Amino acid sequence: MINSKRLNKRCAYKLKLRQDLRNRFRNEYLGILKCYSKVKGESSIKEGELVLISDSNNKRINKPLGKVTKMYKRKDRRVRVVEVKTRFGNVETNSEALFARSDYS
């Protein structure tokens, strides 16, 4: 015969164990992932530099060439958005979507 008191204790133990493992996973493993995601190299692109604008639809030879005219920094003091002057006009784009001349030569 199954003792209900023992069964309830066992169920509570399993719930507590699962909750402790979940908390440990969140604190330790996810904390490590956050640290690594924040460590990124600074952009080597500067104002006045010629760049290729990345476009997944075009081959590299057909990508538009432009000159960086303005760089916008966010609260974390990193450049996230860049204004580029192309032959079609000014374009604001993500700084990660640009290739510096040294990257594609």
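The values are calculated or read from the model by the stated rules, or taken from the named source; none is laboratory data. Worth saying up front: this structure is predicted, and the values here are computed from it rather than measured. No Cβ is skipped: glycine too gets one built from the backbone with ideal geometry, and neighbour counts run over all protein chains shown.
Among 48, 41, which is the only one that is at pLDDT 85 or above, loosely packed, with under 10 Cβ neighbours inside 10 Å and in a loop (DSSP other than H, G, I, E, B)?
48
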> What are the residue pairs meeting all of these: first residue in segment 82-96, first residue under 10 Å from residue 68 (Cα atoms), second residue of a type outside the set (D, E, K, R) and assigned to a helix (DSSP H, G or I), Cβ atoms under 7 Å, and 6 or more apart or on different chains?
Replying inline: 82/95
> Before we move on, is residue 12 at pLDDT 90 or above, out of contact with any helix residue (DSSP H, G or I) (no Cβ under 7 Å at 6 or more places or on another chain) and hydrophobic (A, V, I, L, M, F, W, C)?
Replying inline: yes
> Which ones in segment 67-77 are exposed (fewer than 12 other Cβ atoms within 10 Å of the Cβ) and at negative phi?
Replying inline: 72, 73, 74, 75, 76
